[in-house]
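Below is one structure; the comments refer to it alone.
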Amino acid sequence: IERKLSEHNAVVKKEILCCHTFSRDLPTMTRVIEPALKRGVVVKVLAPLTRKNRKTVMDWIHIGAEIRQPRKYPGALRFTVFDTKAVRITIGTPEVKERDDFRTLWVESKSFAAFMKEHFLMMWKDAKTCP
């Protein structure tokens, strides 16, 4: 999954909209996101801010991602919308410890991606900015 996300992040042209927990620090993700940001890709992330993930959240903000805290986080559900063309949905425990603890769906459908983008933007509008 991490490889597929990295591959997709590397070719995105316009935007990455992500609902994430940052429960695991994946330095490879910032290394892929940073060039996307430099290419002009807009990266918006909805994530809770906790003591455990604060450093990761601040690293993402430092490289140029916009991060907000949703007022109501959707629990174990994580998703990413890529250029309103594809969606990644990961379902698992909030703190995934084993790779077998979660499942990921990959949907390449413009109509489904548009629906998920609209959902993301409604959550984004209601969220508060991270420091």
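The values are calculated or read from the model by the stated rules, or taken from the named source; none is laboratory data. Note that the structure is a prediction, hence the values are computed from the model and not measured. No Cβ is skipped: glycine too gets one built from the backbone with ideal geometry, and neighbour counts run over all protein chains shown. Accessible surface is based on the protein model in full, side chains and every heavy atom, while ligands, DNA and RNA are left aside. Shrake-Rupley method; radii C 1.70, N 1.55, O 1.52, S 1.80 Å.
Each residue in segment 28-46 was checked for being in contact with a Phe, Trp or Tyr (Cβ under 8 Å, 6 or more places away or on another chain) and open to solvent by 40 Å² or more (accessible area, probe 1.4 Å), and 1 pass. Restricting attention to segment 82-104, does a residue exist that is under 20 Å from M116 (Cα atoms), at pLDDT below 80, crowded, with 16+ Cβ neighbours inside 10 Å and over 13 Å from the mean Cα position of the chain (by Cα)? Taking every residue of segment 82-104 in turn, at least one turns out to be under 20 Å from M116 (Cα atoms), at pLDDT below 80, crowded, with 16+ Cβ neighbours inside 10 Å and over 13 Å from the mean Cα position of the chain (by Cα).
How many residues, within segment 47-59, are of a type outside the set (K, R) and open to solvent by 20 Å² or more (accessible area, probe 1.4 Å)? Count: 5. Can you tell me which residues in segment 52-80 are outside any helix (DSSP H, G or I) and either of a type in the set (F, W, Y) or modelled with pLDDT of 90 or more (or both)? Result: G64, A65, E66, I67, R68, Q69, Y73, F79, T80.
Is one or more of the residues making up segment 13-23 open to solvent by 40 Å² or more (accessible area, probe 1.4 Å), in contact with a helix residue (DSSP H, G or I) (Cβ under 7 Å, 6 or more places away or on another chain) and at pLDDT below 85? Within segment 13-23, none of the residues are open to solvent by 40 Å² or more (accessible area, probe 1.4 Å), in contact with a helix residue (DSSP H, G or I) (Cβ under 7 Å, 6 or more places away or on another chain) and at pLDDT below 85.
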